[in-house]
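> Below are the structure tokens for one structure; questions will follow.
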Amino acid sequence: MLQPSITVVMGALLLLSACQGTPDGGALAPPTAASASDQQEPAPAEPAANATATPLPTVTPLPPPTETHTPLPPATPTETATSTPTPTAALTVTAEPTTTPTATPTATDSAPLPTPTPTPTSSPTATPTSTPIPATVFIRSHTSYPLDSQLVVVGELVNGATHELFGVRVHAAFFDGNGDSIASAEALAVFGKLDVERAIPFRIEADVDPESVERYELTLSFDDASIVEFRELEVSAVTVVERDGRIAVVGRLHNGHETALSSVVVAAAFYDEAGEVVDVVALSMFGETITPGAEHPFEIPLQRVGRAYSNLSVQAQGQLSLF
């Protein structure tokens, strides 16, 4: 029964205190919920069950880059020496005899030799200037001589063009002492094809009185193509012989091609010591065919040679045989 009495006494004391106020005469402020909340400390969070804490990587910040400006030396303009080309004189090649250089005498203590007296020499002969080859077919040399009642003109053609020529024809016009044209003639070169930088002979026999001819003029015509194919034959064992009072040029032909050749023409050109043509003779072998790899003899009769000669040259050419 003692505990309820104590409770009643404590309640009376509290009521009395509320009515009398605080010792300084002010009323007690009622406690607010906010104050109680502020004074309440938050409960520590409980770790989640089975959670493993992963440590984060430690990142160390890099120091900011430091730019160091090194001053460059001021650019000094460099002058590049420009060489001025020295003009070179055109090279002139002059043929001179080869001389052995004379050794320079070495000075000694011996007495000097007497000075030789110069021997007078003849003035040097000027070297002839070579004539450039024309870039077309041209007549290298020619001459004429009377034969019975005809005038014979012989010569040599050279192909200075860049391609083969065919059917070269030589035209001759004859004039008397007054400059009047008194005759004309023409003839094909002895061979149908003229290779580049090759020479072939020609021969024209004109029906004109040799005594009435004062001069003559020669012109050329030719073709750039041909439907006929030509081949050269090898010539060997050439010699001049006399048989039964007749003089002839004899030798052998060889067909080194893989096809047979027909309509073969063999021509001999005679030259003097200066290399000029003095006569031309030819032999046509139209009725014979020379098979591949075969050899065939030839004989060119000579009635006469217009002038004295020192050497001769023989060539042969045939047409490609299709049969």
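> Could you please let me know if Val240 is touching a strand residue (DSSP E or B) at 6+ places or on another chain (Cβ under 6 Å) and within 20 Å of Ser321 (Cβ to Cβ)?
Spelling it out, it is not the case that Val240 is touching a strand residue (DSSP E or B) at 6+ places or on another chain (Cβ under 6 Å) and within 20 Å of Ser321 (Cβ to Cβ).
> While we're looking at this one, here's another question. How many residues are outside any loop (DSSP other than H, G, I, E, B) and either open to solvent by 60 Å² or more (accessible area, probe 1.4 Å) or modelled with pLDDT under 95 (or both) if we restrict to the stretch 222-233?
Result for the stretch 222-233: 3.
> Are any of the residues in the stretch 287-294 over 41 Å from the mean Cα position of the chain (by Cα), farther than 26 Å from Glu186 by Cα and of a type in the set (Val, Ile, Thr)?
Yes, the stretch 287-294 contains a residue that is over 41 Å from the mean Cα position of the chain (by Cα), farther than 26 Å from Glu186 by Cα and of a type in the set (Val, Ile, Thr).
> What single numbered condition from (1) without any contact (Cβ under 8 Å) to a residue 24 or more places away in the chain; (2) outside any strand (DSSP E or B) fails to hold for Ser236?
(2)
> Right, another one. For residues that are among the β-branched types (Val, Ile, Thr) and not in a strand (DSSP E or B), scanning just the stretch 170-206, find the one that is surrounded by the most Cβ atoms within 10 Å (Cβ to Cβ).
Val190
> Looking at the stretch 150-199, which of its residues are of a type in the set (S, T, N, Q) and out of contact with any Phe, Trp or Tyr (no Cβ under 9 Å at 6 or more places or on another chain)?
If the condition is that a residue be of a type in the set (S, T, N, Q) and out of contact with any Phe, Trp or Tyr (no Cβ under 9 Å at 6 or more places or on another chain), then Gln150, Thr162, Asn178 are the ones that fit.
> Among the residues of the stretch 295-313, write down those that are open to solvent by 30 Å² or more (accessible area, probe 1.4 Å) and part of a loop (DSSP other than H, G, I, E, B).
The answer is Gln303, Arg304, Val305, Arg307, Ala308, Tyr309, Ser310.
> Looking at the stretch 152-164 only, could you name the residues that are open to solvent by 10 Å² or more (accessible area, probe 1.4 Å), in contact with an Asp or Glu (Cβ under 8 Å, 6 or more places away or on another chain) and part of a strand (DSSP E or B)?
Val158
> Is there a residue being open to solvent by less than 30 Å² (accessible area, probe 1.4 Å), farther than 25 Å from Gly167 by Cβ and either in a strand (DSSP E or B) or in contact with a Ser or Thr (Cβ under 9 Å, 6 or more places away or on another chain) (or both) anywhere in the stretch 250-264?
There is at least one residue in the stretch 250-264 that is open to solvent by less than 30 Å² (accessible area, probe 1.4 Å), farther than 25 Å from Gly167 by Cβ and either in a strand (DSSP E or B) or in contact with a Ser or Thr (Cβ under 9 Å, 6 or more places away or on another chain) (or both).
> Kindly indicate which of Phe323, Phe286 is modelled with pLDDT under 95 and part of a strand (DSSP E or B).
Just one listed residue meets the conditions, Phe286.
> If you scan the stretch 265-291, which residues turn out to be buried (at least 16 other Cβ atoms within 10 Å of the Cβ) and closer than 19 Å to Phe230 by Cα?
Matches in the stretch 265-291: Val265, Val266, Ala267, Ala268, Ala282, Leu283, Met285, Thr289, Ile290.
> Another question about this same structure. What number goes with the only condition from (1) open to solvent by less than 50 Å² (accessible area, probe 1.4 Å); (2) outside any strand (DSSP E or B); (3) more than 20 Å from Val277 (Cα to Cα) that Gly167 does not pass?
(2)
The values are calculated or read from the model by the stated rules, or taken from the named source; none is laboratory data. Quantities reported herein were computed from a predicted structural model and do not represent experimental measurements. In this analysis, Cβ positions are derived from the backbone assuming ideal geometry, glycine residues included, and neighbour counts consider all displayed protein chains. To get the accessible areas, we keep the full protein, side chains included, count just its heavy atoms, and leave off ligands, DNA and RNA. Shrake-Rupley method; radii C 1.70, N 1.55, O 1.52, S 1.80 Å.
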